[in-house]
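The values are calculated or read from the model by the stated rules, or taken from the named source; none is laboratory data. Computed from a predicted model, the values in this text were never measured in an experiment. In this analysis, Cβ positions are derived from the backbone assuming ideal geometry, glycine residues included, and neighbour counts consider all displayed protein chains. To get the accessible areas, we keep the full protein, side chains included, count just its heavy atoms, and leave off ligands, DNA and RNA. Shrake-Rupley method; radii C 1.70, N 1.55, O 1.52, S 1.80 Å.
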Amino acid sequence: MKYHEMTKNQIFREFNCGLTIEEVAKICCKSLGTVRGWDKGKPIPNECRKLMKMHKRLELSGFEEWNGFRVSGKNLELPTGETVTPQQILTGVALLHIQSDLEIKTSKRLLRLSRAICNIKSKANG
């Protein structure tokens, strides 16, 4: 099938999710014929579309609070586009749990410094 003849569903499956017909059939517990029907334009059920996204980590969860978050390589990509490592997440959680005066003051200072650095970078790039 030529690119200009591809349906939106096939583009979604192949390019957005990077899945083969066989992989989609297995993930969604559907027959190969059903998936081929989707590729020809039949609507993909919402639950199957979500499974395909979740399989390729384009979507972490069906809960609205997780919209925009996704796994990108070894990191978590935030809705802002910033990526964080697992170690950064654990450090942030640990700082939240400690809640001592020194840690709170240090956290506030670090946040101010990081914002200042971001402002400097954006001015330099802008």
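Going through the stretch 98-126 one residue at a time, which ones are hydroxyl-bearing (Ser, Thr, Tyr), in a helix (DSSP H, G or I) and loosely packed, with under 10 Cβ neighbours inside 10 Å? Steps first, answer last, please.
Residues of the stretch 98-126 that are hydroxyl-bearing (Ser, Thr, Tyr), as a first pass: 100, 106-107, 114, 122.
Of the ones still in play, those that are also in a helix (DSSP H, G or I) are 106-107, 114, 122.
The answer is Ser122, and nothing else.
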Item checked: Looking only at the stretch 68-113, and only at residues there that are acidic (Asp, Glu) and within 14 Å of the chain's Cα centre (by Cα), the one that is modelled with the lowest pLDDT -> Glu77
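With the requirement that a residue be within 21 Å of Gly68 (Cα to Cα) and either open to solvent by less than 100 Å² (accessible area, probe 1.4 Å) or of a type outside the set (A, V, I, L, M) (or both), what does the stretch 83-97 give you?
Going residue by residue through the stretch 83-97, those that are within 21 Å of Gly68 (Cα to Cα) are 83-90, 92-93.
Scanning the stretch 83-97 gives Thr83, Val84, Thr85, Pro86, Gln87, Gln88, Ile89, Gly92, Val93.
Looking only at residues that are of a type in the set (Val, Ile, Thr) and under 15 Å from Ile21 (Cβ atoms) in the stretch 34-82, which one is surrounded by the fewest Cβ atoms within 10 Å (Cβ to Cβ)?
If we filter the stretch 34-82 for residues that are of a type in the set (Val, Ile, Thr), which is where we start, we get 34-35, 44, 71, 80.
With the extra rule that they be under 15 Å from Ile21 (Cβ atoms), the set shrinks to 34-35, 44.
Values: Thr34: 17, Val35: 26, Ile44: 22.
Going through the qualifying residues, I end up with Thr34.
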Item checked: Of the criteria (1) of a type outside the set (A, V, I, L, M); (2) open to solvent by 70 Å² or more (accessible area, probe 1.4 Å); (3) at pLDDT 95 or above; (4) closer than 24 Å to Arg70 by Cβ, which one Asn16 fails -> (3)
Margin query: Please go through the stretch 1-13 and give me each residue that is surrounded by 13 or more Cβ atoms within 10 Å (Cβ to Cβ) and at pLDDT below 90, ordered by number.
Written below: Met6
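Go through the residues of the stretch 75-86 one by one and say whether even a single one is without any contact (Cβ under 8 Å) to a residue 24 or more places away in the chain and in a helix (DSSP H, G or I). Walk me through how you get there before you give the answer.
In the first step, residues of the stretch 75-86 are kept if they are without any contact (Cβ under 8 Å) to a residue 24 or more places away in the chain; the result is 75-86.
Checking the rest, the ones that are also in a helix (DSSP H, G or I) come to 86.
The answer is yes; a qualifying residue exists.
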